[in-house]
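No lab work stands behind these numbers, since they all come straight from the coordinates. All values reported here derive from a predicted model rather than from experimental measurement. With ideal geometry, Cβ positions are generated from the backbone for all residues, glycine too; neighbour counts draw on all protein chains shown.
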Amino acid sequence: MIGGSGADGRSDEAGTAATAGAPRRRLLFHIRQFGVGGIENALMGWLRTIDRSRFEVGLAVSLPTREFVEIYRPCLPPDVRTHVLLPAGRVSALMQRRRDHRLGMLGRAGLGVAMSTWAQWRVRAGLRDLVQGYDVLVDFDLTLRKVAGRLPIPMVGVRHFGFWRTRSSKAIRVGRDLARYDAVAVLNATMCAQARTLYGDTVRLALLPNVFDFSAMRAAGAAGVAGLPSEDYVVCVARLDMATKGQDVLLQAWADLCAEPGWREHLVLVGDGPDLGRARELAARLGLAERVSFTGLQTQPYPWIARARVLVLASRAEGQPNVLIEAMALGCVAISTDCPVGPRDLLDGGAGLLVPPDDPAALAAAIRRALRDPQTAAACRERAAAAVLVYDAPAGNARLAALVEEVIRARGGG
């Protein structure tokens, strides 16, 4: 483990001391494209909270999607230098059609050929020139795996999801790619243990949880927003992708609760995604048309979380769900399925409630307990307020600074 971080993600004294007196470093973050998911929001969290006394920051985007142009680029801090590696053109248009689920089989085949040939060459050529002005490249979505180790500056890859349980052919192939990075950052101790089991010491790991500006988050949570329910409500903030995020399980649990005498609370689903229509249809089929609201994409979800009594995540798979940390920081009781990676690292120890995946009855029981048992709710909020401190900006910047200095030293830099 490198980067001066302990197993709980806290920067240790050695790591902090190692960065004392270090020069201001130039970091280039990279992401292939912006959608509306957790990786993009995690990246924006880093760009907003990085300590400018320690770092200069740039952002390289391979493909300028509509979401980047319309949603994220206007929100970038003004000092972040932005570099688009592929100009808006045919490849970008095809990728946008694919993101919008409007690209047919022939178009997907053409896009695949373009991305593996011309586009890949343009990205590599652009990066070779671009990195001359930076000290470290942070590949935030691991889409530069084939370039890792071939550029003149250190590369840190960021893994946002859990690893495989067995050494499948895919796990082995990905492991070879990860070994070329100067370091691979993982978000929690469970991911680190999975990687150690699969790859031993062949992949250089660093524990680097996502970072948050809780002061700004709480200020945003206190702001007014149109459409908030007047009655008590439970909120789910997640991409509408039922196979992964489990909104089907949540809706079934909510139907069971609404069948109970005197149940008055409302359910609000915040987010967009490919299954928005299916989720609406399921809610109607379960008789929940008047008991569930769909807000669509909310670029500022904090008021919805801050005013909710409970936040629920019913996922079947996660990495480290930012929304649980946001709920914990905003004083909203967090409930999550205990999927293999992520939620337990955050909620274990009483900072929230964990239930088995794909179990509507257990999920309904946890929601009922959080709403009807004031002592349980108060205990969760108290423990969560202490647990989230490790994700605040000062701790995150200390971890990042230690990691950056370590990979530069390992390359023989200073």
Report summary line: To the nearest 10 degrees, the tilt of helix 118-130 (Cα long axis) against the first principal axis of the alpha carbons of the chain is 70
Query - Most mobile of Gly133, Gly246, Gly350 in a GNM of the chain (Cα contacts under 10 Å) - result: Gly133
Query raised in the report: Amide H to amide H under 5 Å from Tyr233: which residues, 5+ apart in sequence or cross-chain, H placed 1.01 Å off N in plane?
Result: His266, Arg309
Requested in this report: Sort out for me the Cα centre separation of the range 190-219 from the range 136-173, rounded to whole Å.
Outcome: 13
**Report entry** Karplus-derived 3J(HN,Hα), 6.51/-1.76/1.60, for each residue of the range 201-213, Hz, glycine and proline x
**Finding:** 9, 6, 10, 7, 9, 9, 8, 9, x, 4, 10, 9, 9
**Report entry** Karplus 3J(HN,Hα) series, Hz, for the range 327-341 with 6.51 cos²θ - 1.76 cosθ + 1.60 (x for Gly, Pro)
**Finding:** 5, 4, 6, 8, x, 9, 4, 9, 10, 8, 5, 8, 6, x, 9
Query raised in the report: What residues have an amide H closer than 5 Å to that of Ile2, excluding those fewer than 5 places away on the same chain, when H is modeled at 1.01 Å from N in the peptide plane?
Result: Leu205, Ala206, Leu207
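Would you list Arg180, Arg32 from fewest to most Cβ contacts within 10 Å?
Values: Arg180 17, Arg32 22.
Least to most surrounded, the residues fall as Arg180, Arg32.
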Report summary line: Under 5 Å from the placed amide H of Ser293, counting only residues 5+ away or on other chains, we find Leu267, Val268, Leu269
Report summary line: Taking a ≥ b ≥ c as the square roots of the eigenvalues of the Cα gyration tensor, with a/c under 1.5 meaning rounded and otherwise prolate when a/b exceeds b/c and oblate if not, the range 331-384 is oblate
Query raised in the report: Karplus couplings for the range 89-101 from phi (6.51 cos²θ - 1.76 cosθ + 1.60, θ = phi - 60°), rounded to Hz, Gly and Pro as x?
Result: x, 4, 5, 4, 5, 5, 5, 5, 5, 5, 4, 8, 6
**Report entry** Met105, Met115, Met95 arranged by Cβ crowding within 10 Å, fewest neighbours leading
**Finding:** Met105, Met115, Met95
Requested in this report: Considering only Glu318, Glu70, Glu265, give the residue with the highest GNM mean-square fluctuation for the chain, with springs between Cα atoms whenever their separation is below 10 Å.
Outcome: Glu70
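Please give the contour-minus-distance gain from Asp373 to Ala385: 0.36 nm per residue of separation, less the Cα-Cα distance, rounded to one decimal in nm.
Working: separation 12, 0.36 × 12 = 4.32 nm, distance 1.88 nm.
Between Asp373 and Ala385, full extension yields an extra 2.4 nm.
Could you put Arg159, Arg128 in order, starting from the residue whose Cβ has the fewest other Cβ atoms within 10 Å?
Working: Arg159 23, Arg128 13.
Ascending number of Cβ neighbours within 10 Å: Arg128, Arg159.
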Query raised in the report: Highest GNM mean-square fluctuation, the chain, Cα pairs closer than 10 Å: which of Asp373, Asp135, Asp345?
Result: Asp373
Query - Listed values (i) 1.00; (ii) 1.06; (iii) 0.97, entry calculated as Rg/Rh (Cα atoms, Kirkwood Rh) - result: (iii)
**Report entry** Net charge dipole size for the range 165-255 [Lys, Arg +1 and Asp, Glu -1 on Cβ; Debye, nearest 20]
**Finding:** 680
